[in-house]
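J.: Dumping the structure here so I can ask a few things about it.
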Amino acid sequence: MGKTADLTVADHQGNGMAEHRRSLQSVNIRNSKAKSIITNKVAPVVITNNCREEFQIHDKIQSANYSMGRISDLLPEHYLVLGEFFMVQDVYSRADVLNTTKSHGSPNFRKVKGNYPLFGMGQPSLSGFKQVLQRLQIDGCEVVIFIYLREEPVVFFRSDGDFIPYTPRGRANLHENVHDLDRELSAEQIELSIRKELCDFAKLSENMFYVYNDIEHFKDEPQQVQILSEEDIHVTEEVYKRPLFSQPLHRYYRLPLPMEGAPLEETIDAFVNILRETPNLSLMRDSSRPLPALLFSCQVGVGRTNLGLILGALVFHHLQGVSKSPSEHKLDFQVIQLLISRLSKGQQVLDEVDDAVAMCSEMHNIKNAVYENKLKLKGIGEDYQIQGSSTKGYFLQRTLQSLERYVYLLVFNAYLHDQYPQAFPQSFSQWLCMNAWIYRLLASMDSSELSAPTSLITDGIRVMVRFLATDLLSTAKEMKVANFRRVSKMALYGMAQPNSEALAVVMSYLTDQRRGHSTILWLNLQEELVLEANGQMFTPREPGCLEQPIPVCVQHPQQLQEMELALKQDVLRCEKWLEVITEQDKQMRMFKTCHTIEELFVHQKSIHPGLSYERIPLSDCCAPKEEVFDHLLEAMKSSLAEDSNCAFIFNCHNGKDRTTAAMVIATLTLWHINGFPECEEDEIVSVPDAKYTKGEFEVVMQVVRVLPDGHRVKREVDVALDVVSETMTPMHYHLREIIISTYRQIKMAKSEADAQWLRLRSLQYLERYIYLILFNCYLHLEKKDSWRRSFSQWMYQVAARAGVYAILNHLGFSEFENPDDSPMARLRFRWLPHSVQSIPMRGQLI
């Protein structure tokens, strides 16, 4: 009786015995075992020498499923890894700046300054890694914790008794590794898939495969490597774990770090787990035993290795105390100053990070990188017309990424101060959700602080876009402003941005004999720069980015008004024609008159002394920041303390989104002060998915279950939304109903970018609805103390401990999809300023 075994053979397109012979050349069968091979149309049969066994080859490689390509017409065509990539030798000799490959086994091997057992290096071969371990052992390192920082897949080919690392790279850029190949798979899984493909390719090509060593000159390229079995290719785990069997005290971890920017929270969590699992890295450690050596490695041992070394240095700071290094200059950024001012032991946190950066700066200095990118960005700003917006955008992103990396080191060190003495009861992710104000602060680290021009006109921003709000409520004819409306039975009004003429008309209307409002608080919600020029409202735009307002980062509304005043002065001084975009066309104009919004209200206040004006910037379509709720509530409380019949007016650019949100907040506030109207029972809604129209999403109900009397709190918000929505029926706009209607549009999006924009918008609308519920709960619980504790304090001190931010950090429509598939489910990414171009694709993280 013969028996069959699953051996692999190539399956080329075509028929006949020649095809089988070519296939059999790739079958790896020892000559001593095979006596004869019988070919047939079903599957080749192998008979062993002793005639006792018969193997029939069943599995076939579907070569048609693999892609082929070539780098250039002068080079041979061959199979491509993962359908599109070439295998390129990982590290070229010139990358070894410290010239340590021969002496130590890896490129750029080094020990940090000071006495810490902290080492960094580039990518070694298998023999090189063994040499590194031997070197550390000779130097007295009993325990080595090796932390591999690469997120991209690496495989090792057998070569002259060693295994040499290679990485897949695209034809368009053979010098850069491929990142973000598949968020569903780990790097280890991708490496195994690559090895499987390489073995298949070899069997289809006479046990050979093409790789590239010289991608500068392509001399003698490509090189052929022989692959007879999987043992001729190693994956990373095999290279780094197998040597540990002879040195059982050593340990290996893979901790993927991004090439640029700060690590994800779960990556820091994994690093903290390493600390938890290592008794000798505990603050309760046996001090008579030496510290374990921490060895970090990435490709060339510079960027990511530098970040790993700084993390390690901070850990040793907490274990042994801060070593003394020469003081360096401080990074002068507003976000750093604000962070340090709010952190416990903020100055100590900063000094320790700066010391760690100095210790690890032999190959790379993260603070210098911030300054260098900022200087390049400044140079582009001074020569904007020549270099253009794409170059500016590149260096702006690099500057933000390097600054973000430094700021996250500060945050991580603050976490160590809080959690290390307690043996890390909270993960880094959990701790950040308990301190969500840090996410708010990081979100303010936008482009304006880095690239705001000294003169908005002379530095290249020469486009003024006229404000045009679609008048859906047909009020412009009578009131001279679009979408003017009032909440029934309440002194609450909303509208689009008025010019001076409309402002005069509205004030006359509110103070006439019929309405008779003697005290009026006008709240302007716009966060973008706005001017009235020649009697029309305009906002400045950068050339090439007409859809987005100029990014403005201010900590106080007064700064926004100062910027508008500077813009006005620029416009009036400008001797150039400005490009003006109106609803009809583009024109070139020079403005004779120009006023800031504040100046318009100063003039009206001289006519109507009871008018007060405040600017409370609010982002479009988003949940208001906690501090915005504080400012709105405080402004209303102060006005009502002076006059209980005070009227409140809100406006944004079109009187729709932000105005409506503020009017709901004001409605809830007045109800808590003056009493709630009678709430009718929930009406029966006979429409498809009625519960979603009513806001009964799983994540919303999760929050409702946490809140005291949560169902009543939600119902009151729903009534307020309905009341405000009744004032704007022709708009067909409802802050709750727009959530599901926007989400449903995702399936009809014309492009992936449009789909991601709609997904972000639907999540922002969902979050805003939740924030309104939270605010109403706050009004109930803190009413007894007249709301002396602000909403932001209540959120960070009370709601955070109840897990609210943890819920918001996994925000999504779990009824329909896995929320964590989108980076926008996270506070870190959702709270950032966004444009259509800036949104990462589904499953992609920035």
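The values are calculated or read from the model by the stated rules, or taken from the named source; none is laboratory data. Note that this is a predicted model, so its numbers are computed, not measured. Backbone-built Cβ (ideal geometry, glycine too); neighbour counts: all protein chains shown. Protein only, heavy atoms only, side chains kept; ligands, DNA and RNA dropped before computing areas. Shrake-Rupley method; radii C 1.70, N 1.55, O 1.52, S 1.80 Å.
J.: When Ile164 is evaluated against the numbered criteria (1) open to solvent by 20 Å² or more (accessible area, probe 1.4 Å); (2) under 30 Å from Pro290 (Cα atoms), which criterion, by number, is the only one it fails?
T.: Condition (2) is where Ile164 drops out.
J.: With the condition kept exactly as written, say whether any residue in the range 310-325 is open to solvent by less than 10 Å² (accessible area, probe 1.4 Å), under 22 Å from the mean Cα position of the chain (by Cα), at pLDDT 95 or above and farther than 17 Å from Ser361 by Cα.
T.: No, the range 310-325 contains no residue that is open to solvent by less than 10 Å² (accessible area, probe 1.4 Å), under 22 Å from the mean Cα position of the chain (by Cα), at pLDDT 95 or above and farther than 17 Å from Ser361 by Cα.
J.: Inspect all residues belonging to the range 485-505 and state whether any of them is modelled with pLDDT under 95, over 34 Å from the mean Cα position of the chain (by Cα) and surrounded by fewer than 18 Cβ atoms within 10 Å (Cβ to Cβ).
T.: yes
J.: Give just the number: which of (1) assigned to a loop (DSSP other than H, G, I, E, B); (2) within 26 Å of Leu133 (Cβ to Cβ); (3) in contact (Cβ under 8 Å) with a residue 24 or more places away in the chain does Leu174 not satisfy?
T.: Only one criterion in (1) assigned to a loop (DSSP other than H, G, I, E, B); (2) within 26 Å of Leu133 (Cβ to Cβ); (3) in contact (Cβ under 8 Å) with a residue 24 or more places away in the chain is unmet by Leu174, namely (2).
J.: Here is a further query. Quick one: count up the residues across the range 661-694 that are under 32 Å from the mean Cα position of the chain (by Cα) and at pLDDT 95 or above.
T.: The number of residues fulfilling the criteria is 5.
J.: Go through the range 289-325 residue by residue and tally those that are of a type outside the set (S, T, N, Q) and part of a helix (DSSP H, G or I).
T.: So the count comes out to 15.
J.: Check the range 188-195 and report whether any residue there is more than 30 Å from Ser72 (Cα to Cα) and not aliphatic (A, V, I, L, M).
T.: Yes; the residues of the range 188-195 include at least one that is more than 30 Å from Ser72 (Cα to Cα) and not aliphatic (A, V, I, L, M).
J.: Kindly indicate whether any position in the range 243-250 is open to solvent by less than 60 Å² (accessible area, probe 1.4 Å), of a type in the set (S, T, N, Q) and either over 23 Å from Leu307 (Cβ atoms) or in contact (Cβ under 8 Å) with a residue 12 or more places away in the chain (or both).
T.: Checking the range 243-250: at least one residue is open to solvent by less than 60 Å² (accessible area, probe 1.4 Å), of a type in the set (S, T, N, Q) and either over 23 Å from Leu307 (Cβ atoms) or in contact (Cβ under 8 Å) with a residue 12 or more places away in the chain (or both).
J.: Then there is this: Scan the range 98-153 for residues that are free of Cβ contacts under 8 Å to residues at least 60 places away in the same chain and open to solvent by 50 Å² or more (accessible area, probe 1.4 Å) and jot them down.
T.: Selection gives Asn99, Thr101, Lys102, Ser103, Lys111, Ser127, Gln131, Gln134, Arg135, Ile138, Asp139.
J.: Looking only at residues in the range 589-612 that are under 16 Å from Met537 (Cβ atoms) and in a helix (DSSP H, G or I), which one is most open to solvent (accessible area, probe 1.4 Å)?
T.: Of everything passing the filter in the range 589-612, His603 is most open to solvent (accessible area, probe 1.4 Å).
J.: I need every pair where a residue in the range 777-789 that is open to solvent by less than 70 Å² (accessible area, probe 1.4 Å) and at pLDDT 95 or above has its Cβ under 8 Å from the Cβ of a residue that is part of a helix (DSSP H, G or I) and of a type in the set (Lys, Arg), sequence separation at least 6 or different chains.
T.: Going by the 8 Å Cβ cut-off, the qualifying pairs are Trp787/Lys637.
Condition check ((1) open to solvent by 20 Å² or more (accessible area, probe 1.4 Å); (2) within 15 Å of Gly812 (Cα to Cα); (3) modelled with pLDDT of 90 or more; (4) over 21 Å from the mean Cα position of the chain (by Cα)) across all residues:
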{"site": "Met728", "(1), (2), (3), (4)": "no, no, no, yes"}
{"site": "Met731", "(1), (2), (3), (4)": "no, no, no, yes"}
{"site": "Ile739", "(1), (2), (3), (4)": "no, yes, yes, yes"}
{"site": "Gln745", "(1), (2), (3), (4)": "yes, no, yes, yes"}
{"site": "Lys750", "(1), (2), (3), (4)": "yes, no, yes, yes"}
{"site": "Asp754", "(1), (2), (3), (4)": "yes, no, yes, no"}
{"site": "Leu758", "(1), (2), (3), (4)": "yes, yes, yes, no"}
{"site": "Ser762", "(1), (2), (3), (4)": "no, yes, yes, no"}
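J.: Quick check: anything in the range 578-588 open to solvent by less than 10 Å² (accessible area, probe 1.4 Å) and modelled with pLDDT under 95?
T.: So far as the range 578-588 goes, yes, one or more of its residues are open to solvent by less than 10 Å² (accessible area, probe 1.4 Å) and modelled with pLDDT under 95.
J.: Going by the structure shown, is Lys219 modelled with pLDDT under 95, out of contact with any Leu (no Cβ under 9 Å at 6 or more places or on another chain) and within 25 Å of Ser106 (Cβ to Cβ)?
T.: Against the criterion (modelled with pLDDT under 95, out of contact with any Leu (no Cβ under 9 Å at 6 or more places or on another chain) and within 25 Å of Ser106 (Cβ to Cβ)), Lys219 does not qualify.
J.: Has the range 265-288 got at least one residue that is of a type in the set (Ser, Thr, Tyr), in a helix (DSSP H, G or I) and within 30 Å of Ala436 (Cα to Cα)?
T.: yes
J.: So Met824 ticks every box in (1) of a type outside the set (Asp, Glu); (2) touching a residue at least 12 places away in the same chain (Cβ under 8 Å); (3) out of contact with any Lys or Arg (no Cβ under 6 Å at 6 or more places or on another chain) but one. Which box is left unticked?
T.: (3)
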